[in-house]
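The next block holds one structure in the form of structure tokens; read it before the comments.
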Amino acid sequence: MKKILIILFFGFYSLSISADYDQKMTFDEMINEYKIYSLALCIKNNYEKMGVDFNQLPLKDITRGFIDIDAGLGFGGNGKTTNVLEDYIQMKTGHFYQPVHKTGDMASTNIVIYQFADFYESQELKDFLKKQIELRLLELGEDA
């Protein structure tokens with residue numbers, strides 16, 4: 001009897017998890033998820049420019065793929081040759097790894113983490129994501 005109760009408990013528990021997982025994200029949740037996506041790409045791009053090879057690490061970070069699949073927007077999908085989101089992130093953040101000062105004592109330092117946080121919290125990123133998510137939802141035939 002105890003085994004049956006345990007099996008029923010786990011069965012109902014897994015159903016409740018899958019029911020929560022299948023719910024669509026709200027528009028604000030999508031913006032927040034893609035802010036994290038943007039931060040993850042910003043970190044990856046800049047640290048690679050500073051010599052970190054993420055492919056050599058024993059664990060692989062799948063944050064961006066997870067978000068893009070979970071949200072279902074696929075900014076680079078549907079045969080597109082460019083990814084407007086990744087292009088924007090590169091344009092806005094691709095220089096963060098560089099030293100703040102070109103000469104003097106501070107020539108070998110940067111404020112990359114500060115710049116990551118500033119980018120993540122920026123109204124400009126939020127506005128860009130809002131516009132791009134709205135456009136992408138229209139392309140997919142969904143409501144914003």
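The values are calculated or read from the model by the stated rules, or taken from the named source; none is laboratory data. Predicted model only: the values in this text are computed from it and were never measured. FYI the Cβ positions are ideal-geometry reconstructions off the backbone, even for glycines, and counts take in every protein chain you see.
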- [ ] Scan segment 17-26 and give yes if some residue there is at pLDDT 55 or above, under 22 Å from the mean Cα position of the chain (by Cα) and at positive phi, otherwise no.
- [x] no
TODO: Starting from segment 83-109, keep only residues that are among the charged types (D, E, K, R), then list their pairs with residues that are at pLDDT 95 or above and exposed (fewer than 14 other Cβ atoms within 10 Å of the Cβ) whose Cβ atoms are within a distance under 9 Å, requiring at least 6 positions of separation or different chains.
DONE: 92/124
TODO: Name, by its number, the condition in (1) within 25 Å of residue 139 (Cβ to Cβ); (2) surrounded by 11 or more Cβ atoms within 10 Å (Cβ to Cβ); (3) β-branched (Val, Ile, Thr) that does not hold for residue 43.
DONE: (1)
Open item on the list: Please count how many residues of segment 90-123 are exposed (fewer than 11 other Cβ atoms within 10 Å of the Cβ) and closer than 28 Å to residue 71 by Cβ.
Closed with: 2
